[in-house]
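One structure is given below, encoded as structure tokens.
The values are calculated or read from the model by the stated rules, or taken from the named source; none is laboratory data. Remember, predicted model here, so these are calculated numbers, not experimental data. Note: ideal-geometry Cβ built from the backbone for every residue, glycine included; neighbour counts use all protein chains shown.
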Amino acid sequence: MIGAKHSPLSSLVAAFFLAVVGASSLHAEPLLIVGNDEKVLWDDKGTTILSPPGKDSVVIIDLANPEAPKIVASLPLKNSVVGPPVNLAIDPTNSIALVADSVDVIKEGDKLVQVPDNKLYVIDLKASPPKLAATLTVGKQPSGLSFSPAGNLALVTNRLDKSISVLSVKGTEVKVIDTVDMGDIVSHVTFTPDGKRALATKFNAHKVSLLDVAGDKVTYSKLDLPTGQWPYNVAVAPSGKFALTADNGGAGSSDGSVDTVSVVDLELSPARIIDRVVVGDGPEGLAISPKGDVAVAVILAGSNNPSAYFYKKNGSVSVLKVDGKKVTKVGDVEVGGLPEGVAFTPDGKYLYVGNYLDQDLSILKVGGARITDTGKRFKLPGHPASLRMSDR
């Protein structure tokens with residue numbers, strides 16, 4: 001009422017409201033999670049240089065203003081650039097995140113060496129600020145992982161164990177409930193939108209495999225489809241009608257030759273590969289827009305090996321127009337040095353690419369199949385080895 005005096009109670013209510021609003025602003029949506037690996041770099045001959053662990057971080061970024069990201073939390077958690085850049089994820093409710101600790105660096109004699117790890121971190125995103133809630137032991141060299149659409153299940157590929165860990169998820173209570181033997185090295189796994197199937201890339205076998213999901217039971221159907229060489233990453237269209245695999249071509253690196261993205265028709269029975277789209281050298285990061293009309297493959301382009309004949313200072317994003325199940329490359333957008341992870345915002349209007357060597361994010365604008373560089377970069381407190389976007 002105009003002119004009325006505020007009572008002490010109304011003042012307390014107002015203060016409480018402001019406090020809640022202030023706290024919730026720390027968790028504004030959408031959220032981006034980025035894993036920074038400070039253990040691995042390369043010299044001017046492309047030789048790996050290792051550093052002791054202890055400086056890695058996982059940051060949570062608020063994208064309420066998509067062209068002005070804001071870090072709301074930084075956790076000192078170990079993670080790795082070894083493997084596909086999808087070794088972390090946010091659940092569908094923005095309540096928790098999972099981070100796979102794939103590879104450790106230890107001292108053997110007088111030198112540092114990389115060895116497989118077996119840890120999975122659970123981050124409580126509802127805490128203010130977000131915090132580590134639990135550490136699980138899974139298989140050796142956990143890598144690409146994903147939540148189910150319902151958020152009550154998660155799958156993690158264990159590269160060295162050639163298996164997939166099945167996790168039950170109830171808030172921050174995450175448990176390993178089963179292990180699925182895949183018979184080959186698997187690098188990433190993701191669910192279909194209906195939650196009834198999952199696809200896993202068999203890196204060394206050059207295949208993508210189908211799994212059946214019924215409740216919390218995950219079964220390997222033994223259906224393996226031939227992709228291009230070294231499939232590292234897999235993404236399913238929001239329609240659930242097809243999937244794409246990023247066929248790296250160089251066993252996890254560039255080799256100077258063009259590579260492919262394979263198109264998997266999931267409506268056919270059985271599912272099968274129906275096309276291969278030629279992209280650049282060394283696709284690794286892979287994403288399909290939530291709108292379903294465009295996809296991208298992130299191209300390494302030898303940018304961590306200045307002595308190679310195929311070296312380019314910067315990598316790029318191959319833009320793939322989607323028309324039904326027809327996927328066509330329509331252009332490239334240059335980004336930064338050794339680009340790894342990539343993610344669309346939930347509204348499909350922006351695209352973020354993690355530039356490992358430049359320690360930043362490229363911010364790209366999306367308009368249908370036309371993707372352009374805003375010219376803006378967001379500096380990170382480390383080298384972005386992986387990144388994933390929240391669903392909302």
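Does segment 277-289 include one or more residues that are in contact with a strand residue (DSSP E or B) (Cβ under 9 Å, 6 or more places away or on another chain), farther than 16 Å from A243 by Cα, assigned to a loop (DSSP other than H, G, I, E, B) and among the acidic types (D, E)?
yes
Answer yes or no as to whether G83 is at positive phi, surrounded by fewer than 17 Cβ atoms within 10 Å (Cβ to Cβ) and of a type in the set (G, A, S).
In short, no.
Taking the stated definitions as given, is L211 within 15 Å of V86 (Cα to Cα) and not acidic (D, E)?
No, not satisfied.
Consider E267 carefully, then state whether it is among the acidic types (D, E), surrounded by fewer than 16 Cβ atoms within 10 Å (Cβ to Cβ) and modelled with pLDDT of 95 or more.
Judged against the criteria, E267 is a match.
Of all residues being part of a loop (DSSP other than H, G, I, E, B) and polar (S, T, N, Q) in segment 93-123, which is nearest to the chain's Cα centre (by Cα)? Just the residue, please.
My answer is N94.
Name, by its number, the condition in (1) more than 22 Å from F344 (Cα to Cα); (2) touching an Asp or Glu at 6+ places or on another chain (Cβ under 6 Å); (3) of a type in the set (D, E, K, R) that does not hold for D275.
Failed condition: (2).
Pick from V278, V213, V236, V258: which is in contact with a Pro (Cβ under 7 Å, 6 or more places away or on another chain) and modelled with pLDDT of 95 or more?
Residue meeting the stated conditions: V236.
Taking K126 as the residue in question, decide whether it is within 21 Å of the chain's Cα centre (by Cα) and not in a strand (DSSP E or B).
Here the answer is yes, as K126 does meet what is asked.
Please specify each residue of segment 176-193 satisfying the condition of being among the small types (G, A, S) and more than 20 Å from L88 (Cβ to Cβ).
Listed by number, the list holds a single entry, G183.
Quick one: which residue in V342, V335, V298 is surrounded by 23 or more Cβ atoms within 10 Å (Cβ to Cβ), in contact with a strand residue (DSSP E or B) (Cβ under 7 Å, 6 or more places away or on another chain), among the hydrophobic types (A, V, I, L, M, F, W, C) and free of Cβ contacts under 8 Å to residues at least 40 places away in the same chain?
V335
Which members of segment 64-92 meet the condition of being of a type in the set (S, T, Y) and more than 17 Å from the chain's Cα centre (by Cα)?
S74
Within segment 278-295, is even one residue surrounded by fewer than 20 Cβ atoms within 10 Å (Cβ to Cβ), among the basic types (K, R) and closer than 25 Å to E334 by Cα?
Within segment 278-295 (the criterion being surrounded by fewer than 20 Cβ atoms within 10 Å (Cβ to Cβ), among the basic types (K, R) and closer than 25 Å to E334 by Cα), the answer is yes, since at least one residue qualifies.
Taking the condition in contact with a strand residue (DSSP E or B) (Cβ under 7 Å, 6 or more places away or on another chain) and of a type in the set (S, T, N, Q), does S307 pass?
no
Please verify whether K162 is among the charged types (D, E, K, R) and at positive phi, treating the condition exactly as stated.
It is true that K162 is among the charged types (D, E, K, R) and at positive phi.
Provide a single number: the residues in segment 236-259 that are in a strand (DSSP E or B) and closer than 16 Å to N204 by Cα.
3
Tell me, which strands (runs of 3 or more DSSP E) lie completely within segment 136-235 with 3 or more residues that are within 20 Å of K119 (Cα to Cα)?
Hits in segment 136-235: 142-147, 153-158, 163-170, 173-181, 186-191.
How many of the residues in segment 26-52 are closer than 24 Å to S303 by Cα and either of a type in the set (S, T, N, Q) or assigned to a loop (DSSP other than H, G, I, E, B) (or both)?
Selection size over segment 26-52: 12.
Considering segment 21-47 alone, what residues qualify as being surrounded by fewer than 19 Cβ atoms within 10 Å (Cβ to Cβ), among the hydrophobic types (A, V, I, L, M, F, W, C) and either at pLDDT 95 or above or within 27 Å of Y309 (Cα to Cα) (or both)?
Correct list: L41, W42.
Can you tell me how many residues in segment 45-60 are touching a residue at least 24 places away in the same chain (Cβ under 8 Å) and in contact with an Asp or Glu (Cβ under 9 Å, 6 or more places away or on another chain)?
Going through segment 45-60 one residue at a time, the tally reaches 5.
Which numbered condition trips up L380, out of (1) within 21 Å of A246 (Cα to Cα); (2) in contact (Cβ under 8 Å) with a residue 40 or more places away in the chain?
Here L380 meets the rest and fails (1).
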